[in-house]
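Notes follow the structure.
The values are calculated or read from the model by the stated rules, or taken from the named source; none is laboratory data. Here the structure is a predicted model, which means the values were calculated and not measured. Cβ placement follows ideal geometry from the backbone for every residue including glycine, while neighbour counts extend to all protein chains displayed. Ligands, DNA and RNA are stripped out before the accessible areas are found, and what is left, the full protein with its side chains, is counted by its heavy atoms. Shrake-Rupley method; radii C 1.70, N 1.55, O 1.52, S 1.80 Å.
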Amino acid sequence: MNTETTNAATGTAATRDARRWWDADGGWSTADATGTVLVIDSWLVDEGRVRGLDRHAERFRSACDRFPEAGAEHTDRFMRAVADSLPARGRWFPRVELVDTGPGTRLRMWLRPAPPRTATVRLWTPTGPDRRRLPAVKGADLDHLAALRADATTAGADEALLVSAEGHVVEGASTSIVWWRGDTLCGPPPGPGLLPGITRSLLGGLARTAGLQVVTEQATAPDLAGLPVWTLNALHGIRPVTEGLGRFQDTDAEEAGRWQSRLAALAVPAGELPDSRGEPTKEVSP
């Protein structure tokens with residue numbers, strides 16, 4: 001049975017595991033799962049607080065710009081409406097979507113309870129080439145990536161590792177991949193074959209603030225055999241890789257836990273998503 005959680009800051013009701021259309025004139029209305037999803041983005045909401053929501057919003061806007069019907073201002077208003085409607089209590093993993101409905105495109109939010117966080121991850125590498133069409137657009141290859149994660153589960157792992165035609169580590173089906181060379185945080189170089197990872201960008205900022213070097217490099221799985229490797233995403237944050245890439249030691253988990261705490265400290269009230277002038281849309285009590 002569906003239940004409702006009231007956002008104390010806005011007075012709006014958020015229905016558990018529900019989809020809603022948003023239109024500039026009419027606001028929110030009940031939605032179903034129809035249509036072809038073109039672009040998505042998602043993030044963790046924990047007791048009304050989110051890390052990097054402005055960056056998620058910008059990534060979603062940029063991806064939607066590929067479809068002229070969406071319109072940057074329209075998408076920006078949608079994201080502010082989403083921020084205003086997020087629940088102030090509980091753990092949630094909302095997903096925003098640009099959907100092809102046939103006559104045109106529409107914007108939809110899917111408010112989902114957050115799955116449990118896991119502390120480590122096992123990787124599985126599929127055979128054959130990377131078959132994604134638009135790796136830099138989150139949602140463009142949604143069904144393909146979901147199938148890869150299902151295959152990883154069947155193989156006894158948690159996540160599928162994607163590599164380039166040259167054998168270079170790229171990313172996971174739902175995660176960014178980074179590794180440490182001593183005190184240097186490393187990861188694949190940006191480009192059309194890589195999704196811009198929000199959690200990766202936040203971690204890189206934390207590392208630089210701590211006085212550490214952050215670099216990009218191309219690396220094969222054998223290149224990483226003796227290094228600690230992490231996966232990153234909005235839901236789980238940092239997870240050390242225990243199988244399938246790099247090497248894992250107990251001290252790696254301890255170090256990841258310290259950085260996870262720093263990452264969690266970046267979370268702010270969801271309503272502080274900046275508007276187009278860079279100002280918070282509203283103030284919300286912690």
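When a/c is below 1.5 the answer is rounded, else prolate if a/b is larger than b/c, else oblate, so apply that to segment 118-181 with a ≥ b ≥ c taken from the square roots of the Cα gyration tensor eigenvalues. Rounded.
Springs join every pair of Cα atoms under 10 Å in this Gaussian network model of the chain, and among Ala155, Ala210, Ala234 the largest mean-square fluctuation is at Ala210. Quick check on the chain: of the DSSP beta bridges with both residues there, what percent are antiparallel, nearest 5%? Restricted to the chain, the bridges split so that about 85 percent are antiparallel.
Helices from the chain with mean Kyte-Doolittle at least -0.5 and a Cα length along the axis of 15 Å or more, per DSSP H: which? Taking the DSSP H segments of the chain (at least 15 Å long, mean hydropathy at least -0.5), we get 142-154, 198-209. If you sort the three axes of the alpha carbon gyration tensor as a ≥ b ≥ c, you get a/c of 1.5 or more for segment 48-93 and a/b above b/c, which makes it prolate. Ordered from largest to smallest accessible area (heavy atoms of protein chains, 1.4 Å probe), the residues Asp158, Asp141, Asp250 come out as Asp250, Asp158, Asp141.
The helix-only estimate of mean residue ellipticity at 222 nm for the chain, built from DSSP H runs of length n ≥ 4 each weighted as -39500 (n - 2.57), is -7500 deg cm²/dmol after division by the residue total. Normalised by the number of residues in segment 116-219, the mean separation of alpha-carbon contacts (under 8 Å, six or more apart) gives a relative contact order of 24 percent. Put simply, when 171-177, 257-263, 36-42, 17-23 are sorted by average Cβ atoms within 10 angstrom per residue, most first, you get 171-177, 36-42, 17-23, 257-263. Taking all Cα pairs closer than 8 Å and separated by 6 or more residues, the relative contact order of the chain comes to 19 percent. Glu217 contributes about 50 Å² of solvent-accessible surface, heavy atoms of the protein only, 1.4 Å probe.
Quick one: net charge of Thr30's neighbours, Cβ under 10 Å, K/R +1, D/E -1?
Values: positive: Arg19, Arg20; negative: Asp32.
My count for the surroundings of Thr30 gives +1.
Positive end of the dipole of segment 9-166 (Cβ unit charges, origin at the Cα centre): among Gly27, Leu161, Pro116, the Cα lying farthest that way belongs to Pro116.
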